[in-house]
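The structure appears below as structure tokens.
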Amino acid sequence: MSIIVQKYGGTSVGRPERILNVARRVLDAQAQGHQVVAVVSAMAGETNRLIDLAAEVTGEGRQPTEREMDVLLATGEQTAIALVAMAINAMGGKAVSLTGAQAGIETDGVHTRARIANITPGEVHRYLKDGHIAILAGFQGRTREGRITTLGRGGSDLTAIAMAAAIDADLCQIFTDVDGIYTCDPRVIPEARKLDEISYDELLEMASSGTKVMQSRSVEFAKKFGVRFEVRSSLNDHPGTLVREENMSMESVVIRGVSLERDQAEVTISGVADHPGNAGKIFGAVAEAGILVDMIVQNVSKTGLADVSFTLNKADLARAETTLKPVLAEVGDQVLLEAEDGIAKLSVVGIGMRSHAGVAAEMFATLADAGVNIRMITTSEIKITVTVSEDQIETAAQTVHDAFGLGGEITETGG
Ligand code: ADP
Ligand code: ASP
Ligand code: MG
């Protein structure tokens, strides 16, 4: 008998009638002869509601302990799995809900962004063999000592992929509120096209540059363990997008997709002495404060002074400035820190870039024609990212999406 892992995101279980829809789908999958594991997220908005509640009882400027945050946030998924299991049982099926701990998901002890260390799916197998549908709480696990942990925002995707690998599932389906992975967020570009397939590397680059349809760590995990999966809608039966290892034909498409990420800020530290160790001091201080930086650009002028720029989430900007103030005097005599928010990132991604020249030139010329000023630029082998003023991000995304022909039929040179 084949084993199928299905994951249902927050909007797919956001209301009682949506929960009934999920219950029916899961029962259908079982009726088709599969053993079914369904990974379920908290109901839409619930995780944010819990985060807001924590802030209210903790007070401004203070942080709750991450241990308690995890105990709190795990309740969102626990509520959802019980409701889904109840709905299935009420329809005459046989379902049992399992928390992350009960499903054997062991993590490290890094609260709120724990990594999966090991999965012992004995309990899941036992229930499946017994004819049950196993409804697993996404996003959560337990440490070896028994503390509750969570896997970072969007972490139910990771639960599904990791469980599919651990139980050697024949099929892994990620059900969400769109028909699959599109050339760009369809909420921003309505004519974006659904992709039939995409490689792990392309989705990984998109997910880590703002395409939140899949958690980037889950894609990394899928690539590492070779878990093929399909992203599709829980609200219809349209075929979705297959995410898999790359093949030769994928390279003929230059640009697979466009990602955008808002709420960014830029920091530039100018006048940094061109000595070994200064970049380490700057980024060491930022890392110690637990602040994630993204694009980093440095150049050295003829006078031997460097300008270092980086981007980060707008929400971390004030803390980064406070953290860096005491470091500035250590890295040069006349160091200046300038910061700006209201920034957004735009990326184009495609493995075809490896074998096609001129993509960057075309992207930059297109943005110039649309009157969009490019601020910072970074590239990887299969991605070009620029920062632009946030109020121009939609124009920028639309222009680039059009220029690479992503909205229409796919072509070998266009997109
Ligand atoms: P879930 O609650 O099912 O985990 P998410 O909200 O995490 O769903 O992800 C689905 C959303 O991702 C979509 O509603 C869509 O707006 C957004 N999204 C952003 N970029 C893309 C893209 N390129 N393709 C599809 N969806 C995208
Ligand atoms: N409920 C968690 C979140 O909102 C996990 C998830 O939805 O995947 O981030
Ligand atoms: Mg999600």
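The values are calculated or read from the model by the stated rules, or taken from the named source; none is laboratory data. For clarity, every value in this text was computed on a predicted model and none was experimentally measured. Positions of Cβ are backbone-derived with ideal geometry, glycine not excepted, and every protein chain shown enters the neighbour counts. Areas reflect the complete protein model, heavy atoms only, side chains present, ligands, DNA and RNA absent. Shrake-Rupley method; radii C 1.70, N 1.55, O 1.52, S 1.80 Å.
What the table below lists for this structure:
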item: Contour minus Cα-Cα distance for Lys94 and Asp108 (0.36 nm per residue); result: 1.8 nm
item: MRE, 222 nm, helices only [DSSP H, n ≥ 4, -39500 (n - 2.57), over the chain, to nearest 500]; result: -10500 deg cm²/dmol
item: Net lengthening on full extension, Ser389/Thr303 (0.36 nm per residue, minus Cα-Cα); result: 27.9 nm
item: Difference of contour (0.36 nm per residue) and Cα-Cα distance, Ala315 to Ala279; result: 10.7 nm
item: Angle between the chain longest axis and helix 46-58 axis [Cα atoms, degrees, rounded to 10]; result: 60 degrees
item: Gaussian network model of the chain, springs between alpha carbon atoms under 10 Å - residue of Leu292, Leu72, Leu235 with greatest fluctuation; result: Leu292
item: Choice from Gly104, Gly405, Gly61 with maximal GNM fluctuation in the chain (Cα, 10 Å cutoff); result: Gly61
item: Crossing angle, helix 317-328 versus the chain [Cα axis fit, 0-90 degrees, rounded to tens]; result: 40 degrees
item: Local electrostatic count at Asp108 - Lys and Arg +1, Asp and Glu -1, tallied over other residues with Cβ under 12 Å; result: +3
item: Reciprocal mean inverse distance between Cα atoms of the chain - Kirkwood radius, Å; result: 23.0 Å
item: Glu338 paired with Ala117, simple spin-label distance in nm, labels 7 Å along Cα-to-beta-carbon; result: 4.7 nm
item: Förster radius 25 Å - calculated FRET efficiency between Arg144 and Glu60 (Cβ-Cβ, nearest 0.05); result: 0.10
item: With DNA, RNA and ligands ignored, accessible area of Glu56 (1.4 Å probe; Å², nearest 10); result: 150 Å²
item: Gaussian network model of the chain, springs between alpha carbon atoms under 10 Å - residue of Met295, Met353, Met206 with greatest fluctuation; result: Met295
item: Area projected by the alpha carbon convex hull of the stretch 39-90, averaged over all directions, nm²; result: 4.0 nm²
item: Flagged links, alpha-carbon separation over 30 Å, of Lys7/Lys194; Lys7/Lys94; Lys223/Lys281; result: Lys223/Lys281
item: Binned Cα-Cα distance frequencies in the stretch 148-244 - 5 Å width, integer %; result: 3, 14, 24, 28, 19, 9, 3, 1, 0
item: Rh by Kirkwood over Cα pairs, then Stokes-Einstein D for the stretch 160-316 at 0.692 mPa s and 37 °C, µm²/s; result: 181 µm²/s
item: Equivalent ellipsoid dimensions for the stretch 78-152 as semi-axes, Å, which come from the Cα gyration tensor, largest first; result: 25, 14, 7
item: Cβ-defined net charge surrounding Asp52, 14 Å radius [Lys, Arg +1; Asp, Glu -1]; result: -2
item: Reciprocal of mean inverse Cα separation for the stretch 293-415 (Kirkwood radius, Å); result: 16.6 Å
